[in-house]
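Report on the following structure.
Computed from the coordinates by the stated procedures, all read-outs in this text should not be read as laboratory data. All values derive from a computational prediction rather than experimental measurement. Note that we place each Cβ from the backbone using ideal geometry, even for glycine, and neighbour counts take in every protein chain shown.
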Amino acid sequence: MSSTVNEIEILNADDAELMRISREGTLSLNLNEMQTIQTHFGALGRNPTDVEIETIAQTWSEHCVHKTFKSIILYSEEGEEPEQIDGLFPTYIQRATEEIAKPWCVSVFSDNAGIIEFDETFNLVFKVETHNHPSAIEPYGGAGTGIGGVIRDSLGTGLGAKPILNTDVFCFGMPDTPYAQLPKGTLHPKRVFKGVVAGVRDYGNRMGIPTANGAILFDARYTANPLVFCGNVGIIPRNRCEKSVEPGDLVVAIGGQTGRDGIHGATFSSAELDDTSENLGSVVQIGNPIMEKKIVDALLQARDRNLYRSITDCGAGGFSSAVGEMGEPVGAEVHLERVSLKYEGLAPWEIWLSEAQERMVIAVPPENLPELMEICEAEVVEATVLGTFTDTHRLQVFYEGESVADLEMEFLHHGLPKPVKQAVWQPPKHPEMPSRDKTTKNYTDDLKQLLASPNIASKESVIRQYDHEVQGGIVINPLVGAENDGPSDACVVTPVLGSRKGVIVANGINPKYSDVDPYLSAASAIDEALRNIVAVGGSVEKTALLDNFCWGNPDKPDRLGELVRAAKACYDIATAYGTPYISGKDSLYNEYRDTTTGEQRAIPSTLLISAICVIPDIRRAVTMDVKAPGNFIYVVGNTYAELGGSHYFGIHGFIGNNAPNIRPDEGKLTMERLSTAISSGLVRSCHDCSEGGIGVAAAEMAFAGGYGMSLNLNGIPTGDEIDADDFLLFSESNSRFIVEIEPQHRDAYENHMKGVSTGCLGTVTDTPEFVVKGRAGAPIIKTSIDILKSAWQTPLHS
Amino acid sequence: MTNPKVLILRTAGTNCDAETDTAFQLAGAETALVHIQNLISGRVNLADYQVLAIPGGFSYGDDIAAGILLAIEMKHKLTDLLNRFVADGKLVIGICNGFQVLVRTGLLPGISASDSSTPEMTQRTTLAMNTSARFECRWVDLETQESPCVFTKGVKPRVYLPVAHAEGRFTAPTDVLAELEANHQVVFRYAESEYPINPNGSDADIAGICDATGRIFGLMPHPERFLTKWNHPRWTRLAETQDTASEEGDGLVIFKNAVNYVKANLP
């Protein structure tokens, strides 16, 4: 065996030795998995090479194979019979989609992104990924390669989609964290914030993809483990959505060169961070968006000329995953010395594992190679033939003529033992906060404080750094209103210029409710994403969802119990609303360990729901800014006394116990009816009622539109009796909206909404005064929209 | 006659080519997206076209400075072709990154009329980093100036268009600025000097200029992003007050003017 390849001595290793090999090699394999490998090679009568064991570790990593979501879980809940769940993914996510069975779902969970129908010519693809661990260590590179990676997912779906929209959702520590309180070895949240935004900005803008939807959340528990969700929507011809690989096709790598960068990204992401993780610099890279743009330019031409049969991106695990996955049904043979390198001196396993950015692998019938090379030459993109797909059902890797890996596809992809994990969930008990009506008659400061809280405050300084207009298709901007600075609920784009058919993209995320119940957090995230879709003119009927779970260490039963709760909600609510999941991803082990104190911190259990909806006529879209004095303001949907995990409780230091419940029958009817009211032109503006409740939503509508409001809490329809002004004003009950109705449409609107709770709150006024009267008739808020707007705009201004 | 032919130049990092293509097609042109390698190799002949459009993007990543590498490539490899194209009375438009390229090649504002010793293709003005020191995307009000620019005939006195750039601050030596004013080469100004109406701190609020003939035009705002009225960021507010008969966005006229000019002047 050549000096560049090492044999890993596992045949005679004891358990302790097996675990040492796993740990020291950053393999992130547990004992059971190491033993399985040992047994497999024992039967072959030889040790694995480093190339082989690394390939297995990548393929079996949590990051690549999502073993937690496929594992058997023994779950128990207080007062309930223990149950056995045979995989969270098949039981709750995949099953929901199968039962909903929407005919417009073209491809779900099987390709690099989900595919839904758009029009007679095109389909849409959508994928959201996370890049959390890299962004914690190197925010700029981590976030940039996050967006770069998810763009390649769209490009690697079907035979390649053209990227048309980016979304991004970030969760950071509190921006005012004192430096002395920073966990050892972590970056300050402000530094992470700045770096992540710059990374997404520079990559997205250079690629010429509008970044038009997102969210930024803050919580102290994200300090050591920030979350960076990057999403991409692409458009693809309907006859380019299928891929296949035939024996004899060439394995062709396209794009950037390979270096010693990003090695062990997949396995690194599958472990907890600690205060020494900052030393793992080589796992994070700096992206090159122009290289990726060149790949897109070249590949879309090759796609349209039918020059290749299959495509996938080189993401986690590099060539080992890309070729391993593509070749799974047939087999593949690769010659590593052919790989175009950035510099000399890489060991074969490093070439094979490198996660160097901006590389794609395609399967090219040999007769098409010359034409492909011609395109690549014209676009100045490097393309290299690495080997061939075979019919051996083996993954065979050579270096300078010598075999360095020879693995059965069957063992590689199906040899992973299915783990059994324990999960428990116990509802927490938090101190309850009483209404403050007895001690105050004025909630103006509360409203200002809510508007200024970093989760609600304006994100304009970030949004402006993203090009949301490029490609020329934007119809509803992320910033709307009289001065283009109000917070839009969702964005709408027309990917085919000249067509009136549009795409709406929105998201929902409520980690604060996880502190009460992850079930309600997940349910509320789905409800919120759908509300955002409906609020700009979309319909629940035409909406698909993506689920992205970011969780703590799932090997701990309590963390896994929270995951089970959330997954159950995903099934229950999606099936109730009839909204299928088309793609999803999970990022686990978002925990930090201080190796000196042993202190362990997990992030709040965080589920991001992204929603995509096709809108038949963008001329029917609406925005959230009020349009004219004299119009009526209505609340749609019932308010309940549900302030557990609310921002109002939060600013007073409470969590509470009644997180917003979910009533999908009520919610579905509300959304369907409102949706048709909007498409019939009865609604002048509409805003989702969420963080900060009716108070914050109404204030945002008023200052975005540049008009005051005169409102009265007696108009709020309630589902249970609420005898507190502050609870009415700031409860975060689900399935609610605020709408603006012109006087001439008032009757038609009320008729249309029969059967749905809706109540008139007051009117839009032509003074800047924002007045809310309490139940007793006296004003409890009296201020101006300028003061409110300034409170909202100032905190994250720069 | 056949429709005017527009060559939309592409290279690594060009990214507003598709919407620029759509704009010219809506205006009635026949278009071709051409990689600069194909012009250099001679596979495509620039002389076959009447309009050269350099779209927005980040050509070669805007490494060193925005547009500079593409400008150098054009100066070194296409000077003769470009000079002949301009001498033949044809049209050139550069939008955003394309404007940055035209300024760095010296095609804009063109050689000084008073100083014939300046060689052609000499850079005399620049587009520097925004005073905000970062990339910004926002809509701005522009005032259309009296100018010989053939692209802006009949454009409203005030136009609303988006900008999206980090390096858009137009700046030049005092004498060059005076010359631009004297020759009426300023085509668009930001409507006010205050940030953010002047989004980048440009001298004399300059948003776009032309050469002395009016046939070479560069601007930082993106007219190709305002082709229908639903692109306007406040169309939901304007819907009821605006004339709803026309669905055309205010950016399209610039491309139509180019097509009409070619039809009338370049048989």
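Using every pair of distinct Cα positions in region B:5-265, the Kirkwood expression returns a hydrodynamic radius of 18.2 angstrom. The order of A:TYR513, B:TYR195, going from fewest to most other C-beta atoms within 10 Å of their C-beta, is B:TYR195, A:TYR513.
Neighbouring Cβ atoms from other chains, within 10 Å of the Cβ of residues in A:498-504, number 1 on average. Left without a cysteine partner by the 4.7 Å Cβ rule in chain B: B:CYS16, B:CYS96, B:CYS137. Amide H contacts for A:ARG436 (H built 1.01 Å from N in the peptide plane; partners 5 or more residues away or on another chain; cut-off under 5 Å): A:ASP726. Evaluate the Debye formula for the protein assembly as shown with equal point scatterers sitting on the alpha carbons, no solvent, and hand back log10 of I(q)/I(0) at q = 0.05 Å⁻¹, in q order, two decimals. Here log10 of I(q) over I(0) equals -0.32. When the Cα positions of A:GLY719, A:ALA161, A:LEU497 are compared along the charge dipole of chain A, A:GLY719 comes out farthest toward the positive end, with charges on each C-beta of Lys, Arg, Asp and Glu.
Taking the alpha carbon gyration tensor of region A:528-620, multiplying each eigenvalue by 5 and rooting it gives semi-axes of 34, 14, 9 Å, largest first.
When exposed loop sites are taken as GluC sites (Glu not before Pro) in a DSSP loop with at most 10 other Cβ atoms within 10 Å, the longest stretch of chain A clear of them is A:345-720.
Residues whose amide H comes within less than 5 Å of that of A:ASN213, counting only those at least five positions distant or on another chain, are A:ASP168 (H built at 1.01 Å from N in the peptide plane).
Charges were assigned to the Cβ only: +1 to each Lys and Arg, -1 to each Asp and Glu. The resulting dipole of region A:622-798 about its Cα centre is roughly 220 debye. Just checking the listed ones, B:ALA87, B:ALA12, B:ALA191: in the Gaussian network model of chain B with Cα springs under 10 Å, the one fluctuating most is B:ALA87.
Enter the angle in degrees (range 0 to 90, nearest 10) between the Cα long axis of helix A:518-535 and the first principal axis of the Cα atoms of chain A, meaning the one along which they spread out most. Its long axis makes an angle of about 70 degrees. Close amide H pairs (under 5 Å, H built 1.01 Å from N) link A:LEU386 with A:VAL251, A:VAL252, A:ALA253, residues at least 5 positions away or on another chain.
Computed log10 I(q)/I(0) for region A:558-701 at 0.16 Å⁻¹: -1.18, from the Debye equation with unit scatterers placed on every C-alpha and solvent omitted. In the structure shown, the pairs A:LYS448/A:LYS512; A:LYS293/B:LYS156; A:LYS162/A:LYS501 are assessed against 29 Å; a Cα-Cα span above that value is assigned to A:LYS293/B:LYS156. From helices alone, chain A scores -9000 deg cm²/dmol at 222 nm; the rule is -39500 (n - 2.57) for each run of n ≥ 4 DSSP H residues, then divide by the residue total. When the trypsin sites (Lys or Arg not before Pro) in region A:680-761 are filtered for DSSP coil states and for at most 15 other beta-carbon atoms within 10 Å of their beta-carbon, the remaining sites are A:LYS754.
Pairs of Lys residues in region A:622-798, spaced 8 or more positions apart or belonging to different chains, with C-alpha separations under 27 angstrom: 8 in total. Across region A:479-485, coupling constants 3J(HN,Hα) worked out from phi with the 6.51/-1.76/1.60 Karplus curve, θ = phi - 60°, read 10, 9, x, 4, 10, 6, 9 Hz, and Gly and Pro carry x. According to the calculation over all Cα-Cα pairs in region B:88-211, the P(r) per 5 Å bin from zero is 2, 11, 21, 25, 22, 12, 5, 2, 0 %.
DSSP finds beta bridges in chain A, and of those with both partners inside it, around 75 percent are antiparallel.
Counting every other Cβ atom within 10 Å of each residue's Cβ, A:LYS789, A:LYS773 order from fewest to most as A:LYS773, A:LYS789. Think of region A:622-798 as a dipole: +1 on every Lys or Arg Cβ, -1 on every Asp or Glu Cβ, centred on the Cα centre; then among A:TYR640, A:PRO795, A:THR676, A:THR676 lies furthest on the positive end. Residue exposure proxy: B:TYR160, A:TYR308, ordered by other Cβ atoms within 10 angstrom of their Cβ from fewest to most, comes out as B:TYR160, A:TYR308.
The angle between the Cα long axis of helix A:693-705 and the main principal axis of chain A comes to about 90°, on a 0 to 90 degree scale. 3J(HN,Hα) along region A:583-591, derived from phi through the Karplus expression 6.51 cos²θ - 1.76 cosθ + 1.60 where θ = phi - 60°, amounts to 6, x, 7, 10, 10, 10, 6, 7, 10 Hz, with x in place of Gly and Pro.
For chymotrypsin sites (Phe, Trp or Tyr not before Pro), the sites in region A:312-373 that DSSP calls loop and that have at most 15 other Cβ atoms within 10 Å are A:TYR343. A Cβ-based charge dipole, computed about the Cα centre of region A:724-791 with Lys and Arg at +1 and Asp and Glu at -1, lands at about 180 debye.
Comparing B:ILE197, B:ILE206, B:ILE95 in a Gaussian network model of chain B, where Cα atoms under 10 Å apart are tied by springs, the biggest mean-square fluctuation is seen for B:ILE197.
Using only the Cα atoms of region A:628-782, build the gyration tensor, take square roots of its eigenvalues as a ≥ b ≥ c, and label the shape rounded, prolate or oblate: rounded if a/c is under 1.5, else prolate if a/b is larger than b/c, else oblate.
Oblate, because a/c is 1.5 or more while a/b does not exceed b/c.
For region A:401-417, backbone phi angles converted through the Karplus equation (6.51, -1.76, 1.60; θ = phi - 60°) give residue-by-residue couplings of x, 9, 5, 10, 7, 8, 10, 6, 4, 4, 5, 4, 9, 10, x, 5, x Hz, Gly and Pro being listed as x.
Overall, the anisotropy analysis places region A:415-509 in the oblate class: the square-rooted eigenvalues a ≥ b ≥ c of its C-alpha gyration tensor yield a/c not less than 1.5, with a/b not exceeding b/c. Net charge dipole, the protein assembly as shown: roughly 2560 debye, given to the nearest 20, about the Cα centre with Cβ charges of +1 for Lys and Arg and -1 for Asp and Glu.
Rounded, prolate or oblate: which fits region A:507-558 when a ≥ b ≥ c are the square roots of the eigenvalues of the alpha-carbon gyration tensor, with rounded for a/c under 1.5 and prolate only if a/b beats b/c? The shape class here is prolate. With a 10 Å cut-off around each Cβ of A:460-469, the average count of Cβ atoms from other chains is 6.
At a Förster radius of 60 Å, what calculated FRET efficiency corresponds to the Cβ-Cβ distance of A:LEU182 and B:ASN45, to the nearest 0.05? E(calc), rounded to 0.05, equals 0.45.
Using DSSP, restrict attention to beta bridges with both residues in region B:5-265 and report what percent are antiparallel, rounded to the nearest 5.
Here the antiparallel bridges make up roughly 55 percent for region B:5-265.
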